[in-house]
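Shown next, in structure tokens, is the structure this report addresses.
The values are calculated or read from the model by the stated rules, or taken from the named source; none is laboratory data. None of these values were measured; they are calculated from a predicted model. Cβ placement follows ideal geometry from the backbone for every residue including glycine, while neighbour counts extend to all protein chains displayed. The area values use the complete protein model at the heavy-atom level, side chains included, leaving out ligands, DNA and RNA. Shrake-Rupley method; radii C 1.70, N 1.55, O 1.52, S 1.80 Å.
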Amino acid sequence: MRISFLILLVNALLFTQIASAASEETKLKSALLKALKTHDTKTVKALAEGGYESIDRDDVLQEKIYEYLDAERERDIQAKAKAKADTIAKKQAEEKAKTDAVAAQKAAEEKAKADAVAKQNAEVKAAAAAVAAKKAAEDKKKKDALAAKNKAKADAVAKQKAEAKAAAAAVAAKKASEDKKKKDALAAKKAKEEKARQAKAAEKKRKDAAAAEKKAAAEKQAKAKKEVPKKKAAPKKTVATPAAPKVKAAPKAVIAAPVVAAPVIAAPVAAAAAPLTASDKDLIGTWKQISSEKVITLLIEEDTNFSLEQVEDDGTLTITGTWKSEENIFMLSIKKVQRNVHSRDTNIHRIYKVERLSKHRLVLLDKRNRIAYDLKR
């Protein structure tokens, strides 16, 4: 009985060892399969190279281990190649990023420069526009001022022309009145003379009739007394003598005398033929010449400067410069000429002869002895 129990115990121990060995073998295979599945290469190599018989004798496992290790080697090669490619790509990406950064920085700098240039150009353009606007405003202001000045001058010229026209009309009316008065006086004088002539004619006729009567009476007495006619002939001469005033033309000569005396107006011109001495003191001042076509104003200053302004319907001509006089010669040195708004510098000399100089009148002749200016003040 005891022997059976020992046999059973030995069998149990043997079975336990076998079961334990089988269980260990199963765990190794499970660990190997798990390592193959999870790609735990380190564990796979440790089990494959651990000298485990259950694994070494299992051809299927050995084939799987071989295929796994071969695949892992290929995978490792591919991983290294990929890592190398990734490294190269990364390096290229870094180089590209660096290049892009440099390009971006350069583009940013160029853009900043372009923006600065654009800003400067805009500022210059704005400044130029401001200057142009200011100049345009100043030009407009000058133009308006000049237009106002020209209008004022034109109004002054129109006023002067109207005054001159009114003065001319007044002079014409006065002259017409004086001419009418003279004509009426002459007609009255002629009528008076005609009446006197008729009275003288009637007196002559009466005296002739009286003389004829006396003559007839004398002839009648002569017939009565033949010796008396010689003595009585004297009264005939005495009677005829008073008739002499009929022939006298003295009254007509007296009437005609005023008409002949009319050239008295030309006397000053004849007197001006003698050389004149133009006194600087008499020349200094403002002189004017007003006509229906233009108005001339000559300003002669003490500091030898002068200005001559000629206003016409189409504009104003202004001449400025210096003046000089010697005896009866008046010289102008023209330095600037202005026509409306246009002006120019020049150096022109004009020489005039002083034909007449008084307190209120200045007459200048040109080189051909024609009247250049007839000025008054």
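Here are some notes:
- Residue-level analysis places ILE348 outside the set of residues that are at pLDDT 95 or above and either in a strand (DSSP E or B) or within 20 Å of ASP280 (Cα to Cα) (or both).
- Scan of region 351-377 for residues that are of a type outside the set (A, V, I, L, M), farther than 20 Å from ALA164 by Cβ and part of a strand (DSSP E or B), ordered by number: TYR352, LYS353, GLU355, ARG356
- Exclusive hit being of a type outside the set (S, T, N, Q) and touching a helix residue (DSSP H, G or I) at 6+ places or on another chain (Cβ under 8 Å), set ILE351, ILE300, ILE296, ILE319: ILE300
- In region 296-307, the residue that is surrounded by the most Cβ atoms within 10 Å (Cβ to Cβ) out of those that are in a strand (DSSP E or B) and free of Cβ contacts under 8 Å to residues at least 24 places away in the same chain is ILE300.
- Residue within region 65-83 that is of a type in the set (Phe, Trp, Tyr), open to solvent by 90 Å² or more (accessible area, probe 1.4 Å), part of a helix (DSSP H, G or I) and at pLDDT below 80 present: no
- A count restricted to region 153-178 and to residues that are surrounded by 11 or more Cβ atoms within 10 Å (Cβ to Cβ) and either at pLDDT 80 or above or in contact with a Lys or Arg (Cβ under 6 Å, 6 or more places away or on another chain) (or both) stands at 9.
- Region 28-57, subset surrounded by 15 or more Cβ atoms within 10 Å (Cβ to Cβ) and of a type in the set (Gly, Ala, Ser), residue nearest to ALA71 (Cα to Cα): ALA35
- Check on LYS98, of a type outside the set (Val, Ile, Thr) and open to solvent by 70 Å² or more (accessible area, probe 1.4 Å): yes
- For region 260-317, residues that are among the basic types (Lys, Arg) and modelled with pLDDT under 90 total 1.
- Taken together, SER333, SER325, SER343 contain a single residue that is more than 26 Å from SER292 (Cβ to Cβ) and in contact with a helix residue (DSSP H, G or I) (Cβ under 7 Å, 6 or more places away or on another chain), which is SER325.
- Tally, over region 25-45, of residues that are hydrophobic (A, V, I, L, M, F, W, C) and at pLDDT 85 or above: 4
- Pairing each residue of region 348-375 that is touching a residue at least 40 places away in the same chain (Cβ under 8 Å) and acidic (Asp, Glu) with any residue that is part of a strand (DSSP E or B) and open to solvent by less than 40 Å² (accessible area, probe 1.4 Å), provided the two are 6+ apart or on different chains, yields C-beta distances under 7 Å for GLU355/VAL363; GLU355/LEU364; GLU355/LEU365; ASP374/VAL363.
- Any hit, region 313-325, residues being open to solvent by 90 Å² or more (accessible area, probe 1.4 Å) and closer than 22 Å to LEU283 by Cβ: yes
- Residues located in region 326-337, provided they are open to solvent by 60 Å² or more (accessible area, probe 1.4 Å) and assigned to a strand (DSSP E or B): GLU326, LYS335, LYS336
Yes/no matrix, rows are residues, columns are (1) among the polar types (S, T, N, Q); (2) farther than 30 Å from ILE290 by Cβ; (3) within 57 Å of the chain's Cα centre (by Cα):
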position	(1), (2), (3)
ALA93	no, yes, no
ASP100	no, yes, no
ALA103	no, yes, yes
ALA114	no, yes, yes
ALA126	no, yes, yes
LYS142	no, no, yes
ALA148	no, no, yes
